[in-house]
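What follows draws every value from the coordinates through simple rules; no lab data is involved. A quick note: this is a predicted structure, and the numbers were derived from the prediction, not measured. Cβ sites come from the backbone with ideal geometry, for glycine too, and all protein chains shown count toward neighbours.
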Amino acid sequence: MKQFFAFVKKEFFHIWRDKRTLFILLGMPITQIIIFGFALTNEVKNSKMAILDFSKDASSIQLIQKISVSKYFDATSVLSSYKEVEPLFKKGKVKMILVIPQQFAIDLQHGNKAQLQLICDGSDPNVANTLSKYATAIVMDFQNALVKQQKLPYRIETDIRMLYNPELKGAYSFVPGVMALILMLTSAMMTSIAIVKEKEMGTMEIILVSPLRPFGVVIAKAVPYMLLSMVNVATILLLSVFVLDVPIRGSLILLLSEGLLFTITSLALGLLISSITNSQQVAMLISLMGLFLPTTVFSGYMFPIENMPLPLQVMSNIVPAKWFYFIVKTIMIKGLGFQYVWKETLILIGMTVVLFGLSIKNFKTRLS
Amino acid sequence: MNKEKVIVAEGLTKRFGDFVAVDHISFEVSKGEIFGFLGANGAGKTTAMRMLCGLSTPSTGKAIVAGLDLFKDAEKIKKNIGYMSQKFSLYEDLTIKENIQFYGGIYGLTKKQILDKTNYLVEHLHLQDHQNSLVRSLPLGWKQKLAFSVAIVHEPAIVFLDEPTGGVDPVTRREFWELIYDASERGITVFVTTHYMDEAEYCNRVSIMVDGRIEALDTPNGLKKTYNSDSMDEVFLKLARKAVRGE
Amino acid sequence: MSVLKYLLQKEFRQIFRDPSILRIIFVMPALQLIVIPMAADYEVKNINLSVADHDHSVYTQQMVQKIKSSGYFKLVNYSSTYQEAVTSIESDKADIVLEIPAKFEQNIVHEDQASLFIAVNAVNGMKANLGAAYLQNIIQNYNNQIRTKWVQFPPIPPQTNINISVSNWFNPMMSYKYFMVPAVLATLLTMLGTFLTALNIVREKEIGTIEQINVTPIKKYHFILGKLIPFWVLGLVVLTIGFLIMRFGYQIHPVGNMLIVYFFASLYLISILGLGLLISTYADTQQQAMLISFFLLMIFIMLGGLFTPIDSMPAWVQKLTWLNPVSYFIDVVRMVVLKGSGLSDIKNHIFVIIGFAIFLNSWAIWNYKKTS
């Protein structure tokens with residue numbers, strides 16, 4: 001036992017002395033939270049648009065006014081002919097163009113009918129669809145303001161309540177995702193690299209000859225990173241609660257325990273990676289592809305899993321991050337207890353065991 | 001031996017902040033000489049050598065290497081020197097032939113010269129069966145001999161060797177020194193650092209560094225007489241006891 | 001110049017002899033390009049709906065049927081109690097609960113008004129918003145259906161009717177994949193270029209071969225060119241592989257001239273390889289090099305408009321985007337492939353990227369000293 005702690009201490013020194021790495025490992029969660037919290041959003045707003053107004057009458061000006069004022073649009077230019085449309089799109093300057101035909105006001109007043117055209121840059125279909133919906137809504141509003149509408153008969157009213165996240169904050173869904181990602185990175189990637197580095201440098205043999213059993217050596221390497229991971233979890237939680245106003249509705253202890261579990265799972269994954277290669281470069285690139293990518297894509301925090309084609313949905317089940325994401329969401333945002341996550345917890349435990357088993361097998365065969 | 005001086009160092013000093021690694025050393029080396037640079041770990045020999053190679057800028061002092069001023073013509077000096085580091089010299093993932101081709105080309109040898117050199121080295125070092133194998137697959141002793149040969153592929157005026165025989169058996173070490181003698185006879189000056197005291201006996205002259213200063217500089221026999229010792233080992237111990245620095 | 005020739009010969013030999021690099025260059029683009037665009041889809045569909053029906057009337061049956069056939073919703077639970085429905089949200093079996101009160105049909109017909117209650121799992125705010133909007137939309141349509149059955153034509157006092165015709169250019173099938181594939185390709189190239197360069201140089205530092213190079217007459221610019229050129233070539237190879245996958249895997253036919261993309265990519269590669277070079281001057285170990293690269297790239301890529309639109313970012317972040325080389329490349333690839341933008345359209349981008357190339361490489365060269 002004493003030897004084990006001696007090893008752990010040595011590993012700590014390694015990490016502590018490498019200030020650059022340490023700085024980045026501790027700084028990553030902070031950066032991610034800030035970026036996700038303040039910069040990234042799928043909400044569409046301030047989209048640049050242009051107006052092609054052939055009418056230039058009172059009504060068209062009113063409509064343009066209404067659109068300009070909306071927070072969804074940023075009307076940057078007024079065009080004079082259709083010829084300007086394509087070049088503007090090609091330069092990427094606007095996302096949408098509103099075309100108001102001639103005699104807009106006259107059509108409205110006399111015929112009770114008018115035509116408008118929206119040309120959207122469909123490159124980003126999401127944005128295009130959203131923008132056309134918003135624009136349509138604004139036009140509807142404009143339309144309704146023109147004539148006093150009576151209350152329609154046979155009305156169905158809908159009362160909508162948003163559960164768990166009434167303000168529809170994006171942070172609620174990505175904070176758990178960031179947690180999964182950071183833990184993966186800190187535990188899995190760093191550990192695998194640390195172990196492979198030892199192998200690459202050839203100092204592995206030296207250590208293996210020491211009185212500590214090989215597996216103990218490997219675990220000793222992992223312990224400091226585990227602690228770092230927990231520090232990161234704490235950082236993420238603190239930032240989320242105090243900077244992003246994300247609540248921790250469920251049991252904090254349960255949350256931290258699950259965090260610890262996932263850290264161990266990530267560790268096992270890192271061990272597996274380190275057991276199959278002797279080159280740091282390869283370990284890093286596998287970590288990137290085998291950890292970062294699946295965690296980001298398959299955990300479900302960037303894209304809903306149910307949107308993916310079936311084979312990918314099935315694949316997502318072997319990504320530990322997916323289960324962890326679910327667990328954190330359920331505990332932290334929904335505020336529910338263990339009875340709602342026991343199945344997923346079991347799956348994580350199972351994965352951990354399998355990963356450890358595979359790594360041990362690999363290590364044994366390599367070292368013999 | 002030619003009396004032409006290939007290295008003239010005057011008061012070379014290297015400071016790292018408050019720490020003086022090399023403290024005003026001065027010495028001269030003649031052409032074709034095998035000059036041993038001894039000292040305990042931490043005495044400053046590697047730092048001194050790196051200055052002479054142009055890898056490290058002296059804090060103060062002067063030096064002429066291969067007839068060129070260390071400060072003014074550092075880059076030109078590099079054309080005329082060879083180097084074999086402690087850690088390594090050859091590319092493990094290239095073959096023997098490819099390594100020779102690379103270094104030969106870098107130093108400006110023509111294709112024909114490279115070819116001739118390659119054939120000569122392969123025969124001389126008995127590497128015929130391995131010329132197309134990756135250097136990685138060679139045993140350590142052969143790697144070192146090859147590294148040395150590649151370091152002088154361009155027949156430089158001086159070759160700097162930093163602890164070149166670490167980790168090999170005594171037979172291989174002797175073979176290595178045969179190569180050094182060969183080179184010296186061809187007029188290549190050999191500047192070698194080592195902490196194997198028996199190797200000190202193979203040098204023409206030896207300097208011993210302690211705490212960044214040269215405490216002794218003479219032929220091995222001269223030193224043994226001065227310090228009343230039977231072996232260089234003894235000489236070294238007597239001097240090293242005075243050391244403050246070191247492991 | 002022959003020094004450079006020998007350097008390049010060595011570099012290329014080493015790269016091709018390294019099996020892991022080759023695998024990565026061919027496998028990684030393929031994997032990423034296949035997985036990410038397939039997985040990336042913000043459109044909301046397959047929303048799990050749980051209905052608590054206290055009315056069980058013809059109207060409720062019709063309405064639920066209409067909702068089911070819309071294609072957006074999957075009915076996972078149809079029960080009579082609200083409690084059951086709520087449980088299904090808690091256990092994540094359902095995303096939305098629709099509660100239909102008793103006497104629903106009666107109220108519409110006789111009282112002129114009835115209410116429905118909708119509860120949405122809003123942990124994912126965007127999904128919730130859209131899901132609720134779709135549901136409301138369908139209900140509104142159903143509402144109109146009922147209304148028209150009861151009221152004769154012309155229905156109501158003449159309403160003003162503005163007809164809006166929407167046309168979407170450049171993306172005929174409005175496929176999100178069209179949007180993602182070019183961007184993923186750009187991201188891929190960025191990651192490979194920076195990582196491989198940084199790791200390669202730092203590895204030489206760690207092993208000690210850099211010191212060997214420093215002792216030779218190889219000049220700074222030789223060494224740097226010797227590192228940049230091979231990876232530059234490799235970068236263009238990866239780009240080509242990516243284009244093949246794009247063209248034949250995803251059937252995306254580029255509208256613009258691919259040579260423009262190659263041209264821009266050549267310049268872009270110089271700047272991100274320069275970034276890799278720069279990183280290598282600040283890292284002592286491969287581990288550090290990788291972490292620093294990863295950290296920086298992650299920020300650049302996320303803020304570069306890959307997954308979320310730059311326009312939606314707060315103003316101060318958008319200004320920062322001007323300093324983000326990745327955003328320019330993603331932009332260019334998207335614009336040329338989808339919209340057929342030409343050289344003059346991306347003039348600005350070209351100038352900026354040249355600026356980056358010069359800046360990053362100069363900084364790196366300044367840092368890289370043969371003598372310490």
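Per q in 0.09 1/Å, what log10 I(q)/I(0) does a Debye calculation on the alpha-carbon atoms of the protein assembly as shown return?
Taken in order of the listed q values, log10 I(q)/I(0) reads -1.06.
Multiply the residue gap between A:LEU227 and A:ASP74 by 0.36 nm, knock off their C-alpha separation, and tell me the result in nm, one decimal place. Mind showing how you got there, number by number?
Values: separation 153, 0.36 × 153 = 55.08 nm, distance 4.76 nm.
That works out to 50.3 nm of additional length.
Ranked by Cβ crowding within 10 angstrom, fewest neighbours first, how are A:THR158, B:THR226 ordered?
Listed from fewest to most nearby Cβ atoms, that is B:THR226, A:THR158.
How many nm is it between the label spots at C:PHE117 and A:GLN115, if each spot is 7 Å from the Cα in line with the beta carbon?
For C:PHE117 paired with A:GLN115, the spin-label model returns 4.8 nm.
If you wrap the stretch B:122-247's Cα atoms in a convex hull and average its projection over all directions, what's the area in nm²?
On the way: hull surface 36.6 nm².
Mean orientational projected area (the stretch B:122-247, Cα hull): 9.2 nm².
Which of C:LEU188, A:LEU348, B:LEU161 has the fewest other C-beta atoms within 10 Å, and how do the rest follow up to the most?
So the ranking, lowest neighbour count to highest, is A:LEU348, C:LEU188, B:LEU161.
Ratio of Rg to Rh for the stretch C:47-150, alpha carbon only, Kirkwood? Provide the component values of the computation, followed by the final result.
Details: Rg = 13.3 Å, Rh = 13.8 Å.
Radius of gyration relative to Kirkwood radius: 0.96.
Determine, from the Cβ-Cβ distance of B:LEU115 and B:TYR181 and an R0 of 30 Å, the FRET efficiency 1/(1 + (r/R0)^6), rounded to the nearest 0.05.
The calculated FRET efficiency here is 0.70.
With a 10 Å cut-off between alpha carbons and a GNM built on chain A, which of A:VAL282, A:VAL354, A:VAL139 moves the most?
Of A:VAL282, A:VAL354, A:VAL139, the most mobile in the Gaussian network model is A:VAL139.
Using the number of other C-beta atoms within 10 angstrom as an exposure proxy, rank C:TRP150, C:TRP363 with the fewest first.
Ranking C:TRP150, C:TRP363 by Cβ neighbours within 10 Å, fewest first, gives C:TRP150, C:TRP363.
Quick one: grab the alpha carbon gyration tensor of the stretch C:258-353, order the square roots of its eigenvalues as a ≥ b ≥ c, and give me rounded if a/c is under 1.5, else prolate or oblate depending on whether a/b is larger than b/c.
Taking the square roots of the gyration eigenvalues as a ≥ b ≥ c, the stretch C:258-353 is oblate.
Just grab the label-to-label distance for C:LYS45 and B:GLU215, each label 7 Å out from Cα along the Cβ direction, in nm (one decimal).
8.3 nm
Using a cut-off of under 20 Å, list every residue of the stretch A:223-253 whose amide N is near the label point 7 Å from the Cα of A:LEU26 along the Cα-to-beta-carbon line.
Answer for the stretch A:223-253: A:223-243.
Might you report the magnitude of the Cβ-based charge dipole of the stretch A:47-147 about its Cα centre, with Lys and Arg at +1 and Asp and Glu at -1, to the nearest 20 debye?
Details: 11 positive and 9 negative charges, 41 e Å.
Taking the Cα centre of the stretch A:47-147 as origin, the dipole is about 200 debye.
Using θ = phi - 60° and the Karplus form 6.51 cos²θ - 1.76 cosθ + 1.60, what ³J(HN,Hα) does each residue of the stretch B:147-163 get, whole Hz, x for Gly and Pro?
4, 4, 4, 5, 5, 10, 4, 9, 6, x, 5, 9, 10, 9, 10, 9, 6
Tilt of helix C:58-69 relative to the longest C-alpha principal axis of chain C, in degrees (0 to 90, nearest 10)?
Tilt relative to chain C: about 20 degrees.
Evaluate peptide C:281-294: per residue, the Cβ atoms of other protein chains within 10 Å of its Cβ; return the mean as an integer.
Per residue, the number of nearby Cβ atoms from other chains is 6 on average.
In chain C, what percentage of the DSSP-assigned beta bridges are antiparallel, given to the nearest 5?
So the antiparallel bridges in chain C amount to around 25 percent.
So, with +1 on the Cβ of K and R and -1 on the Cβ of D and E, and no other charges, what is the size of the charge dipole of chain C about its Cα centre, to the nearest 20 debye?
Around 1700 debye, computed over chain C.
Using 1/(1 + (r/R0)^6) with R0 = 60 angstrom and r between the beta carbons of C:LYS369 and A:VAL314, what's the FRET efficiency to the nearest 0.05?
0.65
When the convex hull of the Cα atoms of chain B is projected onto a plane and the area is averaged over all directions, what value comes out in nm²?
13.5 nm²
Counting only C-alpha contacts under 8 Å and six or more residues apart, can you give the relative contact order of the stretch C:271-372 as a whole percent?
Numbers: 67 pairs, mean separation 43.8, N = 102.
Relative contact order here is 43 percent.
Could you tell me which of rounded, prolate or oblate describes the stretch B:26-75, using a ≥ b ≥ c as the square roots of the eigenvalues of the alpha-carbon gyration tensor, with rounded for a/c under 1.5 and, failing that, prolate when a/b is larger than b/c and oblate otherwise?
Oblate, since a/c reaches 1.5 and b/c is not below a/b.
Can you compute the equivalent ellipsoid semi-axes for chain A, i.e. the square root of 5 times each eigenvalue of the Cα gyration tensor, sorted largest first and rounded to whole Å? If you can, show how the numbers build up before the last one.
On the way: eigenvalues 627, 106, 59 Å².
Whole-Å semi-axes of the equivalent ellipsoid: 56, 23, 17.
Going 7 Å from the Cα of B:LEU237 along its beta-carbon direction, which residues of the stretch B:156-198 have the amide nitrogen within less than 15 Å of the resulting point?
Flagged as within label range: B:197-198.
Take the stretch A:220-368, drop everything but the C-alpha atoms, weight them equally and run the Debye formula without solvent; then report log10 I(q)/I(0) at 0.10, 0.13, 0.19, 0.20 Å⁻¹ to two decimals.
Per q value, in the given order, log10 I(q)/I(0) is -0.39, -0.66, -1.31, -1.40.
A 24 angstrom limit on the alpha carbon distance is what I want to check against. Which of A:LYS197/B:LYS79; C:LYS68/C:LYS177; B:LYS117/B:LYS145 exceed it? Don't skip to the end; give the middle numbers.
On the way: A:LYS197/B:LYS79 35 Å; C:LYS68/C:LYS177 27 Å; B:LYS117/B:LYS145 15 Å.
Cα-Cα > 24 Å for A:LYS197/B:LYS79; C:LYS68/C:LYS177; rest within.
Can you give the FRET efficiency to the nearest 0.05 for C:LEU323 and C:SER266, using r as the Cβ-Cβ distance and R₀ = 22 Å? All intermediate terms of the calculation are to be shown ahead of the outcome.
On the way: r = 21 Å, r/R0 = 0.97.
Between C:LEU323 and C:SER266 the formula returns 0.55.
Can you flag which of A:LYS83/C:LYS347; B:LYS78/B:LYS225; A:LYS19/C:LYS5; B:LYS45/B:LYS143 are past 28 Å Cα-Cα?
Values: A:LYS83/C:LYS347 20 Å; B:LYS78/B:LYS225 37 Å; A:LYS19/C:LYS5 39 Å; B:LYS45/B:LYS143 23 Å.
Among A:LYS83/C:LYS347; B:LYS78/B:LYS225; A:LYS19/C:LYS5; B:LYS45/B:LYS143, the Cα-Cα distance tops 28 Å for B:LYS78/B:LYS225; A:LYS19/C:LYS5.
Just tell me how shielded B:96-102 is by partners: mean number of partner chain Cβ atoms within 10 Å of each residue's Cβ, no decimals. Walk me through the numbers on the way to the answer.
Numbers: counts 0, 0, 5, 1, 0, 4, 5.
Other-chain Cβ atoms within 10 Å of each residue's Cβ, averaged: 2.
Which residue fluctuates most in the GNM of chain B (Cα springs below 10 Å): B:ASP23, B:ASP230, B:ASP129?
Of B:ASP23, B:ASP230, B:ASP129, the most mobile in the Gaussian network model is B:ASP129.
Hey, got the average number of other protein chain Cβ atoms within 10 angstrom for residues in C:303-312?
So the per-residue partner count for this stretch is 5.
With +1 on each Lys and Arg Cβ and -1 on each Asp and Glu Cβ, and nothing else charged, work out how big the dipole of the protein assembly as shown is about its Cα centre, in Debye to the nearest 20.
Values: 93 positive and 76 negative charges, 150 e Å.
Magnitude of the dipole: close to 720 debye.
How long is the stretch A:47-147 along each principal axis, judged by its Cα atoms, biggest number first, in Å?
Cα spread of the stretch A:47-147 along its principal axes, largest to smallest: 39, 25, 19 Å.
Strictly greater than 32 Å: what percent of every Cα pair in chain C meets that?
For chain C, the fraction of Cα-Cα distances above 32 Å is 52 percent.
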